[in-house]
Structures are given as C-alpha cells and as structure tokens.
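Engineer: Structure provided below as structure tokens; questions to follow.
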Amino acid sequence: MTLLIQYTLIYASVLLLVALGGCYSEHSGVINLGLEGTMVMGALGGALVMRSFPTLPGLAMLLMTILGAVVFGLVYSLLLAVAAINFKADQTLVGTAMNLLGTAAATVFVKALNMRADRNNVSSAIQYINQKKAFTLVKIGSFELSWFMLLAVLILIAAHVVLYKTKFGLRLMACGEHPQAADSVGINVLKMRYAGVLISGALGGLGGIVYITAGVSEWKFENGVAGFGFLALAVMIFGQWKPTLIGAAALLFGLFRALSNIYSGFDFLVNLHLPGTFYNMLPYIISLIILAIFSKNSRAPKAEGIPYDKGQR
Amino acid sequence: MKPEKKSFIENPGVQSVLASLICILIGLVIGYIVLLLINPAGAGRALLSILKNFLYFPRPQVALEYFGSTLVKTAPLLMCTLSVLFAYKVGLFNIGAAGQYAVGAGLSLYFAIGFKMPWFVCLIVAMIGAGIIGGFIGFLKAYLNVNEVIAGIMLNWISLYSVNMLLTGVKESSTTYTLALRTNAPGGLLPSAGLQNLFSGNKYVTIAIPLAILTAVIVWVVMDKTALGYELKATGLNIHAAKYAGMKEKQNMILTMVISGAIAGLGAAFLYLSGIEQWSCAQTSVPAMGFNGIAAAFLGGLHPIGCIFSAFFIQHITSGGSYVDKMVYSSQISDLISAIIIYSCGFVLFFKHSMRKGIAKAKKGGSKS
C-alpha cells in the first residue's frame, strides 16, 4: 500500500509539472504538443549531469540535476517558440516534429557517448543508481518521499499565484484569450508568448528528469517517455487549464499509472485475472474516457493555436 | 490582352517542390553536422551510405533485390502518408495513423495465421478494423469536442497493447515474434503476380506496391475531382460555412477519419502480409511508420502524387540508416534527419513567401533597367 501511494505521488508529480508547463504555454496562446519531446530532452539534460559528475554531494547533485533538466527543456522549447511565434508555423506539425526529434536526438547522442567510453557499448542507456539517492527527502519505513514531490507542490502553488495574482500572469492569459485586445493596451504579445513557451519548456524538462528517475535506476533513451507528455496534456484539459484542478487531476492519473507498476501486489487485483498489459493500457483508457466527458464544455484559452497577426482585428 | 506568361519559378507546383527540397537539404546538413560532431572521420561516408541505401551493394543484381525491399516498405509508408494527408486536407491531424496501422497489422496477421483466411479477406478485415478506430477518433472530435491529436495518441498506445495481446495467441513459442506466414499460413501471403522477377526474385515484392500507388491516384481523384472531396475539403476549411451550406459537417468528419484509418490499416496489411517482417508481441513503442507518414505527407507538399516520391525518399533514408558503420554511429541518425525535415516543413509557408517576394523584387529591378 505504501508503495502504491509512493508511486502515485511520484507519477502525479511528473504529470503535474508537465501539465502546468502546458498550462502556461496554452494560456499564452501557443499549443505545446512537443512536451513529450521536451520531457525526453530534459531527462537527457538531468541524466548527463548525473553521468558527468557522479560524485557530487547530495544537495548539489539535486540542484545541478534539476538545473540540467530545466536548461535542456528550456532551450529545446525555443524550437517551438521560434517556429510558432516568429514564423507562424503550424503548431501541431512543429510539436510532432519536436517529439520525434527529441527521442531520435537523445538516442543518437547517448549512443555516441556510450560508444566513445566503451567501443562495445552500443546501448542508449544511462545509469544513475547512486546518484539517484540524492533525490530522497525523507524515508519513513519503506515509504520514500522525494524532493521532487515537494518541488511539484511548490510549483503548483507558485503557478496559482503567478497566473491569478500577478500582473505578468494576467497579461499572459490575456494574450491567450484575445491577443489583439492585449496588444491594444500595450502588452507585447510576442514577448508574452515567448515567456509562456519557455516556462513550459523548463517545466517539461523538469518533469522529464522526475519521470526517468521515478522507478528505475537506468534509462534507455530509445524508449522516449511513452506518451507521458500527452497524458499530461490530458491532465491539463481535465483540469480545465486551472492549476488547482490540474493538481487534483494529476493525482487521479498518477494513481492509474502507478497501478500498472505494482498491481501484482494487490490480491484482489490479481484475482481479477486480467492480463498485465491491461494495466499498461489503463491510464490511456481512463484519459480517453475523461476527455470524452470533459471536452464538451472546454474552457480552453480562446486564441490558442492561432498565430498572432497584428493586422487582424 | 494576352496574360503575362509566367516563368518557371512562378509556378506554385515548382515552388512546392523547391520548398520540399530546401527542407531535405536542411535535414541533411544538420544530420551531417551531427555526424561530424560524433566522429569527423567517417561522417561523409556515413551520410553517403544513408543516401545510397541499396546502392551500397556494388553488384547490380543484389542492389536491385534490396531496391525491391525498400519498395516493399515504401508501400505501407505511402499508405500512412496518404492517411495523414487525407485527414489533413479536411483539417484533422491524424497522428493516430500509427495506432490504426498497428490495428491493421494485428487483425490481418490474426486472420491469416489464426483463422487461415486468404489474403484478400485479411486486407478487408484490416481496413475495417483500422477504419473503426479512425472513425472513433472522428466521432470523439465531432460530437464530444475531443482534440484529435490527444485522442489519437491515447488510442495509439491502447491499440499497440491490444494488438500485442491479440497476437500473443499466434506467436512462435520460443520467441516474441508472430509465426512466419510462409510456413504457417501461405494463403495469407499477398500474391506477387510476377513482380518479384523484376527485382532479382525478391519474393517480398508483391501487388502491394502497385496497389499503394493506385491508392495515391484514387485519393487524388477523390479529393480534387469529386463532389465528396469538395465537401470534405470545405468542411475542413470552415466548418461553420460547410454547415450553413447544408453539408453534414459531423458525418463528414467521421467519414474522413474512417477513410484515413482504413488507408493506414491497409498499409500495415501490405507490409505484414508480404512476409518481410513479423510482429514482435513484446513491442513497447508505437510503430514508427505512422509518424514517418507525417513527415512524408508534408514533404510531399500535401499532394498525393508528390507523396509517392516523398514516401520513397523517407523510406530510402530510413533503410539507408542501417548501412552506417554501427561501431561509430547509430542507425537512429536517419530518424533524426527525418525529424528535422518535418520540423523544416513547418517553415514551408515562409519559404514560399520569400520566394514570391524574391521574384517580385527581381521583376521590379528588371523593369527599371
């Protein structure tokens, strides 16, 4: 049972971080479908820090890994920002390209790195068994509370405050609702959208490193992040683009994702005699059902996905 | 007055081809830079082997045989490309083509091996099954306002895991792969109709290749020359206007996705019923074919005939990726190049705009002198 709670919390943290990232971007008016690829890049950034400096002391390891993930995610999201904001490219297309590019680039890079270190090592995996220990905040019996869970909660609170209580947040949301009106009162729409996309990149990257360190101590970059970026978008839609609701939605989705890891530990679930694959499918099925129920009255930002054109009023 | 004769470069078709070539060039240049960064010594040779693909083999007969294999894999890719293209023309982004492809593979293989059905039954079943999955996405979009990209991704994973479960029933006992068609269900194999003789007896070359090209032509005719195509495109351009004009916009959306799904499913059957590959039931990633289809659709300038060439090119470099020196580089470098090509396709409008601007400028300058 403690294991279920632990896994639920850690997966919920991942979904929360990435969904909040998507939330910033969409409130500014840009749909970030490239979160999946951004997560892979963030994971790569964090993993590279852990690989390059295996002997850093606990807290420094934590901070440096987070920094690596955030920087990689942020820089990678520039690809979307430049294409969607400056060049008015199709955001769905660019997002899809970023997802493919993220996994491909990370795989090529890690393989090259591994081969350079050892000619016979052609795997795309990075290991971080010892480094991972730095991420544990407290350990109560078999229950491990990770720093990342705390961080996710703090970022959730920050998101609520920033979006609803600060000038920056309100301006950001204005750009996603009616950019022309925002422009007419002197808000720089392009700058705001850059801010939205870059914040989403940073949070997406952070979510990536939390995801790959969640249950395992090595990560094969060939596998990408198995649709987690898209699950996060489902969480965001279910949460109606509001940080607090996103928090609740992330917990629910986290629970179903956790079940697929540890369903065998529960007698009543084992007694149902469902194949293990079913539990793998569960988060995706649930998200599809939830989307079907909640998309009808969607409160999506009105101008999302539409490139801003000054000439249009 | 005689209309001013347009120069070659002003032709929109030529501009589309040029824009696509720019995208390819950007992809190759960045790919080359990445190769240089990994190991400068063999970078040029590695890029060449990706571009040469089957020409890697010096003997023409062997090269011809491998050319056949590339074509065998181009057929399903072309189908996925057409699937993405068809939906995109109606304003829907069918990223779920990969899942529909998986369903097509699962059903065609299960009917061939499990029920010993002849190949044409398997093709039809694959089409129907994948069409239903596509239609489901269309239904969610039309009636429940679910974003088709997110629904598509969710269904990709659900389809993948379901197909793995289904095909576990017909897999080899010692491996994770499905039973080979040639030895277990020869009736399920697509007929070659003598085509294999054209490719040094490559037995995987079947009627799938001409069928895929035929599909491209049909998609072109339906989209550009029929009332149905016009209606579907009108729905995609402005759903409210279509509704106002008396079109059944919701049904149109669902119909589009059914057709789009059916094409992708048929594509999977084209590959797996040729016997060239077996499905691995332990597969944990969605088939790349569907995503490469997105690359090829945009690279082909969103024109069915252009897609025949772009699908071949994408498959050509994907297959070519397996000839790079594995001790130095990884074959995923081809995926990287295709991803960059897709990304560059986002700038196609900008390229075309610059071209038109450039032409206008040149003309102005010319008339002055």
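Engineer: Quick one: in the stretch B:163-191, of everything that is touching a Lys or Arg at 6+ places or on another chain (Cβ under 7 Å) and open to solvent by less than 40 Å² (accessible area, probe 1.4 Å), which residue is nearest to B:Val62 (Cα to Cα)? Can you show your working first?
Structural biologist: Kept after step one, since they are touching a Lys or Arg at 6+ places or on another chain (Cβ under 7 Å), are these residues of the stretch B:163-191: B:177-179, B:185, B:187, B:189.
In the following step, the residues that additionally are open to solvent by less than 40 Å² (accessible area, probe 1.4 Å) were identified as B:178, B:185, B:189.
Values: B:Thr178: 28, B:Ala185: 28, B:Leu189: 23 Å.
Among them, the one singled out is B:Leu189.
Engineer: Kindly indicate whether any position in the stretch A:63-79 is within 9 Å of another protein chain (Cβ to nearest Cβ) and either surrounded by 20 or more Cβ atoms within 10 Å (Cβ to Cβ) or modelled with pLDDT of 90 or more (or both).
Structural biologist: In the first step, residues of the stretch A:63-79 are kept if they are within 9 Å of another protein chain (Cβ to nearest Cβ); the result is A:79.
In the following step, the residues that additionally are either surrounded by 20 or more Cβ atoms within 10 Å (Cβ to Cβ) or modelled with pLDDT of 90 or more (or both) were identified as A:79.
Yes, the stretch A:63-79 contains a residue that is within 9 Å of another protein chain (Cβ to nearest Cβ) and either surrounded by 20 or more Cβ atoms within 10 Å (Cβ to Cβ) or modelled with pLDDT of 90 or more (or both).
Engineer: Could I ask something else about it? Would you pick out the residues in the stretch A:19-54 that are in contact with an Asp or Glu (Cβ under 9 Å, 6 or more places away or on another chain) and within 14 Å of chain B (Cβ to nearest Cβ)?
Structural biologist: Of everything in the stretch A:19-54, those that are in contact with an Asp or Glu (Cβ under 9 Å, 6 or more places away or on another chain) and within 14 Å of chain B (Cβ to nearest Cβ) turn out to be A:Glu26, A:Val30, A:Ile31, A:Asn32.
Engineer: Of (1) within 14 Å of another protein chain (Cβ to nearest Cβ); (2) open to solvent by 10 Å² or more (accessible area, probe 1.4 Å); (3) touching a residue at least 40 places away in the same chain (Cβ under 8 Å); (4) not hydroxyl-bearing (Ser, Thr, Tyr), A:Glu144 satisfies all except one. Which?
Structural biologist: So A:Glu144 meets the others, but not (1).
Engineer: From the list A:Ala112, A:Ala97, A:Ala84, exactly one residue is in a helix (DSSP H, G or I), in contact with a Phe, Trp or Tyr (Cβ under 7 Å, 6 or more places away or on another chain) and not hydroxyl-bearing (Ser, Thr, Tyr). Which is it?
Structural biologist: On the way: A:Ala112 fails: in contact with a Phe, Trp or Tyr (Cβ under 7 Å, 6 or more places away or on another chain); A:Ala84 fails: in contact with a Phe, Trp or Tyr (Cβ under 7 Å, 6 or more places away or on another chain).
After ruling out the rest, the residue left standing is A:Ala97.
Engineer: Within the stretch B:312-331, how many residues turn out to be part of a loop (DSSP other than H, G, I, E, B), of a type in the set (S, T, N, Q) and buried (at least 24 other Cβ atoms within 10 Å of the Cβ)? Write out each step before concluding.
Structural biologist: Taking the stretch B:312-331 first, the residues part of a loop (DSSP other than H, G, I, E, B) are B:324-331.
Then keep just the ones that are of a type in the set (S, T, N, Q); that gives B:330-331.
Next cut, buried (at least 24 other Cβ atoms within 10 Å of the Cβ) only: B:330.
Going through the stretch B:312-331 one residue at a time, the tally reaches 1.
Engineer: Quick test of your reading of the structure: A:Leu156 fulfils all but one of (1) over 20 Å from the mean Cα position of the chain (by Cα); (2) more than 13 Å from chain B (Cβ to nearest Cβ); (3) modelled with pLDDT of 85 or more. Name the failing condition by number.
Structural biologist: (1)
This table checks each residue for (1) modelled with pLDDT under 90; (2) of a type outside the set (Ser, Thr, Tyr); (3) part of a helix (DSSP H, G or I); (4) under 30 Å from B:Ser285 (Cβ atoms).
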residue: B:Gln15; (1), (2), (3), (4): yes, yes, yes, no
residue: B:Ser20; (1), (2), (3), (4): yes, no, yes, yes
residue: B:Ala46; (1), (2), (3), (4): yes, yes, yes, yes
residue: B:Phe54; (1), (2), (3), (4): yes, yes, yes, yes
residue: B:Val62; (1), (2), (3), (4): yes, yes, yes, no
residue: B:Glu65; (1), (2), (3), (4): yes, yes, yes, yes
residue: B:Gly68; (1), (2), (3), (4): yes, yes, yes, yes
residue: B:Cys80; (1), (2), (3), (4): no, yes, yes, yes
residue: B:Gln100; (1), (2), (3), (4): no, yes, yes, yes
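Engineer: Can you tell me which residue within the stretch A:115-124, out of those that are in a helix (DSSP H, G or I) and surrounded by fewer than 20 Cβ atoms within 10 Å (Cβ to Cβ), is farthest from the other protein chains (Cβ to nearest Cβ)?
Structural biologist: In the first step, residues of the stretch A:115-124 are kept if they are in a helix (DSSP H, G or I); the result is A:115-117.
In the following step, the residues that additionally are surrounded by fewer than 20 Cβ atoms within 10 Å (Cβ to Cβ) were identified as A:116-117.
Numbers: A:Arg116: 8, A:Ala117: 13 Å.
In this case the residue turns out to be A:Ala117.
Engineer: Looking at A:Gln127 and the list (1) facing another protein chain (nearest Cβ under 9 Å); (2) open to solvent by 70 Å² or more (accessible area, probe 1.4 Å), which single condition is not satisfied?
Structural biologist: A:Gln127 satisfies all of (1) facing another protein chain (nearest Cβ under 9 Å); (2) open to solvent by 70 Å² or more (accessible area, probe 1.4 Å) except (1).
Engineer: Another question about this same structure. Within the stretch B:140-163, can one find any residue that is away from every other protein chain (no Cβ under 14 Å) and of a type in the set (A, V, I, L, M, F, W, C)? Explain how you work it out, then say what you get.
Structural biologist: Within the stretch B:140-163, the subset away from every other protein chain (no Cβ under 14 Å) is none.
No, every residue in the stretch B:140-163 fails to be away from every other protein chain (no Cβ under 14 Å) and of a type in the set (A, V, I, L, M, F, W, C).
Engineer: Let me ask something additional. Suppose we filter B:Phe298, B:Phe351, B:Phe347, B:Phe309 for residues that are farther than 30 Å from A:Asn121 by Cα, more than 11 Å from chain A (Cβ to nearest Cβ), surrounded by 15 or more Cβ atoms within 10 Å (Cβ to Cβ) and among the hydrophobic types (A, V, I, L, M, F, W, C); which single one remains? Can you show your working first?
Structural biologist: On the way: B:Phe298 fails: more than 11 Å from chain A (Cβ to nearest Cβ); B:Phe351 fails: more than 11 Å from chain A (Cβ to nearest Cβ); B:Phe347 fails: more than 11 Å from chain A (Cβ to nearest Cβ).
Checking each option against the conditions leaves just B:Phe309.
Engineer: Which one is nearest to the other protein chains (Cβ to nearest Cβ), of the residues in the stretch A:269-305 that are outside any helix (DSSP H, G or I) and open to solvent by less than 20 Å² (accessible area, probe 1.4 Å)?
Structural biologist: A:Ser295
Engineer: Scan the stretch B:304-325 and report the pairs whose first residue is touching a residue at least 24 places away in the same chain (Cβ under 8 Å) and whose second residue is part of a helix (DSSP H, G or I) and among the basic types (Lys, Arg), with Cβ atoms within less than 7 Å and a gap of 6+ or a chain change.
Structural biologist: Hits for this filter: B:Gln315/B:Lys73; B:Ser319/B:Lys73; B:Gly320/B:Lys52.
Engineer: Kindly indicate whether any position in the stretch B:94-109 is surrounded by fewer than 23 Cβ atoms within 10 Å (Cβ to Cβ) and not hydrophobic (A, V, I, L, M, F, W, C).
Structural biologist: No; the residues of the stretch B:94-109 include none that is surrounded by fewer than 23 Cβ atoms within 10 Å (Cβ to Cβ) and not hydrophobic (A, V, I, L, M, F, W, C).
Engineer: Being more than 30 Å from B:Leu155 (Cα to Cα), open to solvent by 30 Å² or more (accessible area, probe 1.4 Å), in contact (Cβ under 8 Å) with a residue 24 or more places away in the chain and of a type outside the set (Asp, Glu) narrows it down to one of B:Val29, B:Val17, so name that one.
Structural biologist: On the way: B:Val29 fails: in contact (Cβ under 8 Å) with a residue 24 or more places away in the chain.
It is B:Val17.
Engineer: Could you tell me how many of the residues in the stretch A:215-260 are surrounded by fewer than 21 Cβ atoms within 10 Å (Cβ to Cβ) and either touching a Gly at 6+ places or on another chain (Cβ under 6 Å) or farther than 17 Å from A:Pro283 by Cβ (or both)?
Structural biologist: 9
The values are calculated or read from the model by the stated rules, or taken from the named source; none is laboratory data. Bear in mind that the values here come from a model prediction, so they are computed numbers and not experimental data. Please note: Cβ atoms are built from the backbone with ideal geometry, for glycine as well, and neighbour counts cover all protein chains shown. For accessibility, only protein heavy atoms count, side chains too; no ligands or nucleic acids. Shrake-Rupley method; radii C 1.70, N 1.55, O 1.52, S 1.80 Å.
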